[in-house]
Amino acid sequence: MANDPTVTIINNANGSRHEYPLKFGSLGPGAIDISSLYRESGVFTYDPGFMATASCHSAITFIDGDQGVLLYRGYPIEQLAARASFLEVAYLLYYGELPDEKQLGEFEQIIMRHTMINENLKDFLDGFHYDAHPMAILCGVVGSLSAFYHDSIDVNNPRYREVSAHRLIAKLPTIAAASYKHYIGEPFMYPRNDLRYCANFLYMMFATPCADYEPSLIAEKALNLLFILHADHEQNASTSTVRLAGSSGANPFACIAAGIASLWGPAHGGANEAVLDMLTEIGHVDNVPKFIARAKDKDDSFRLMGFGHRVYKNYDPRAKIIREVCHQVLAELADNKNPLFDLALELERIALEDEYFVERKLYPNVDFYSGIIYQALGIPRSMFTVMFALARTVGWVSHWTEMMSDSALRIGRPRQIYHGSPPRDYVPISKR
Ligand code: ACO
């Protein structure tokens, strides 16, 4: 359109000028649409780590990193965290609107009806070594789901996409708990569909066939909150991985398994486990200054785990919510003498006053506190990232569905700046 804003890119090497449209969504900065840049000017753009690249249009989650704002479908995370249930948020993220009572009731029933896993999947689980990390099991078993549900993996069929999303949201807790049971050598517990989503997960984690177990309300409430906070976060590494995998038409189970693999890294979802490892390594508040100095030393690879975020440069709104809840949960569970929490608070206090962290806008992120709550709930460290994956599955399936429903979908295919050898001739092995 004649009056739409544009951006002109001038190639000083040859004087050519090219004009590109500036596109705006409903919130957030504009983006220069350079999709025709290479065709028109013969050059690529270079943006390692996607520091300034929007990879898609999306209507699911909005983040303003400077203001510390996080919205799911327009609703502030603070309101959802205080008032919604996790499955209500799942419905919102997936379908775009908050459900009414009837819709929520039906959705809960559908999800709970899909919680069982195929009996043969249990044999699959048994194939893992006894001390396999639960994330390794999760990654493998979720990927293998496509072998069990090949009746509904036509990704071009909207109803099949919905069924696959329901199955993934429903079965992730069952697989996650099963991976833990396998890890500790206890029998697998079948889901109980009379329980709510989070209570059922706690039951599958902590019940045994030889004793009654009733999930505590405090634990259920804490899980509900943590799952809501972790449910989605725009185009982060794992969500972008799911989108990239899905852009080739791969089945949803394989795409979510790819997301789980990406989430596992300590710079992403693996940070919650790494925070607790770090706090244990620090050991005592007296050692905090030594570790702060190490985090600032460019020759030392040590980083303060749970600090910093690619997008939030003011504060992480999820961390603010979780920090308060952390106090409450520890007090209610009579675990308020948890030395790791004191250590975390001291680390946070010193880091927030330190010029290095202030200058770089490095604030505690959501994972700085989540591990402490999980630990207080009796959830072991090796399960922290699994918990994250369980909650984020809702975001992943929402993004995958949004992408697959878009008629403009194209395979994701970045380019590169090549630094290898120029063309050269093959040399027979006897002459090398
Ligand atoms: N400790 C010490 N220094 C840090 C930290 C940290 N945790 N995070 C960033 N920095 C420094 C960097 O060394 C760099 O310093 P420089 O400008 O002097 O070179 C500067 O801050 C900018 O850091 P980048 O690595 O460029 O920031 P980026 O946006 O690429 O990375 C990330 C963000 C990966 C989250 C990073 O802050 C980090 O590694 N944090 C620790 C791991 C973590 O907590 N991850 C969880 C993220 S949240 C989530 O996934 C749910």
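Considering only residues that are under 25 Å from L92 (Cβ atoms) and buried (at least 17 other Cβ atoms within 10 Å of the Cβ), which ones fall in region 153-165?
V155, Y160, R161, V163, S164, A165
Test R410 against the stated conditions and say whether it is of a type in the set (K, R) and open to solvent by 70 Å² or more (accessible area, probe 1.4 Å).
The answer is yes for R410.
With respect to the numbered conditions (1) within 16 Å of the ligand (Cβ to nearest atom); (2) under 27 Å from V163 (Cα atoms), which one is the sole condition not fulfilled by A408?
(1)
In region 353-377, what count of residues is obtained for those that are exposed (fewer than 14 other Cβ atoms within 10 Å of the Cβ) and more than 10 Å from the ligand (Cβ to nearest atom)?
Of the residues in region 353-377, 3 are exposed (fewer than 14 other Cβ atoms within 10 Å of the Cβ) and more than 10 Å from the ligand (Cβ to nearest atom).
Starting from region 43-61, take each residue that is away from the ligand (no atom under 16 Å from the Cβ) and list its partners that are outside any loop (DSSP other than H, G, I, E, B) and open to solvent by 80 Å² or more (accessible area, probe 1.4 Å), counting only C-beta distances under 7 angstrom and pairs at least six apart or across chains.
So the pair list comes out as F44/Y38.
Say we look at region 1-58 and pick out the residues that are assigned to a loop (DSSP other than H, G, I, E, B) and of a type in the set (D, E); which of these is surrounded by the most Cβ atoms within 10 Å (Cβ to Cβ)?
It comes out as D33.
Go through V43, V89 for me and flag whichever is hydrophobic (A, V, I, L, M, F, W, C) and closer than 20 Å to W396 by Cα.
V89
Which of the residues that make up region 204-247 are aromatic (F, W, Y) and within 16 Å of the ligand (Cβ to nearest atom)?
Listed by number, the list holds a single entry, F227.
Please enumerate the residues belonging to region 295-312 that are of a type outside the set (S, T, Y) and more than 9 Å from the ligand (Cβ to nearest atom).
Scanning region 295-312 gives D297, D299, D300.
Within region 271-294, can you find the residues that are open to solvent by 10 Å² or more (accessible area, probe 1.4 Å), within 14 Å of the ligand (Cβ to nearest atom) and either in contact with a Phe, Trp or Tyr (Cβ under 6 Å, 6 or more places away or on another chain) or of a type in the set (V, I, T) (or both)?
E273, R294
Assess whether Q67 counts as being under 24 Å from the mean Cα position of the chain (by Cα), open to solvent by 40 Å² or more (accessible area, probe 1.4 Å), of a type outside the set (D, E) and modelled with pLDDT under 95.
Yes; evaluated as a whole, the condition is true for this residue.
With the structure loaded, tell me whether N193 is assigned to a loop (DSSP other than H, G, I, E, B), farther than 25 Å from Q109 by Cβ and among the polar types (S, T, N, Q) or whether it fails that test.
In short, no.
Just to check your reading of the model, which residue among R167, R192, R243, R161 is basic (K, R) and either closer than 23 Å to I77 by Cβ or touching a Gly at 6+ places or on another chain (Cβ under 9 Å) (or both)?
So the residue among R167, R192, R243, R161 that is basic (K, R) and either closer than 23 Å to I77 by Cβ or touching a Gly at 6+ places or on another chain (Cβ under 9 Å) (or both) is R243.
Any residue at all in region 149-159 that's at pLDDT below 95 and small (G, A, S)?
The answer is yes; a qualifying residue exists.
What number goes with the only condition from (1) more than 13 Å from the ligand (Cβ to nearest atom); (2) crowded, with 17+ Cβ neighbours inside 10 Å; (3) over 24 Å from A389 (Cα atoms) that I321 does not pass?
If we test I321 against (1) more than 13 Å from the ligand (Cβ to nearest atom); (2) crowded, with 17+ Cβ neighbours inside 10 Å; (3) over 24 Å from A389 (Cα atoms), just (3) comes out false.
Filter region 339-390 for residues that are basic (K, R) and not in a helix (DSSP H, G or I) and give the result.
Correct list: R360, K361.
Can you name the number of the only condition in (1) open to solvent by less than 10 Å² (accessible area, probe 1.4 Å); (2) away from the ligand (no atom under 16 Å from the Cβ) that G259 fails?
(2)
Exactly one condition in (1) open to solvent by 60 Å² or more (accessible area, probe 1.4 Å); (2) more than 11 Å from the ligand (Cβ to nearest atom); (3) assigned to a loop (DSSP other than H, G, I, E, B) is not met by A250; state its number.
(1)
Those residues that are closer than 24 Å to A258 by Cβ and surrounded by fewer than 18 Cβ atoms within 10 Å (Cβ to Cβ), I need them from region 127-151; list them, please.
The answer is G127, F128, H129, A132, A136, A147, F148, H150, D151.
Please verify whether region 100-115 includes one or more residues that are within 25 Å of the chain's Cα centre (by Cα), part of a helix (DSSP H, G or I), of a type in the set (S, T, Y) and buried (at least 18 other Cβ atoms within 10 Å of the Cβ).
no
The values are calculated or read from the model by the stated rules, or taken from the named source; none is laboratory data. Note that the structure is predicted; figures quoted are calculated from it, not measured. A quick note on method: Cβ atoms are made from the backbone with ideal geometry, for glycine too, and the neighbour counts reach across all protein chains shown. Just so you know, the surface numbers come from the protein's heavy atoms only, side chains and all, with ligands and any DNA or RNA stripped out. Shrake-Rupley method; radii C 1.70, N 1.55, O 1.52, S 1.80 Å.
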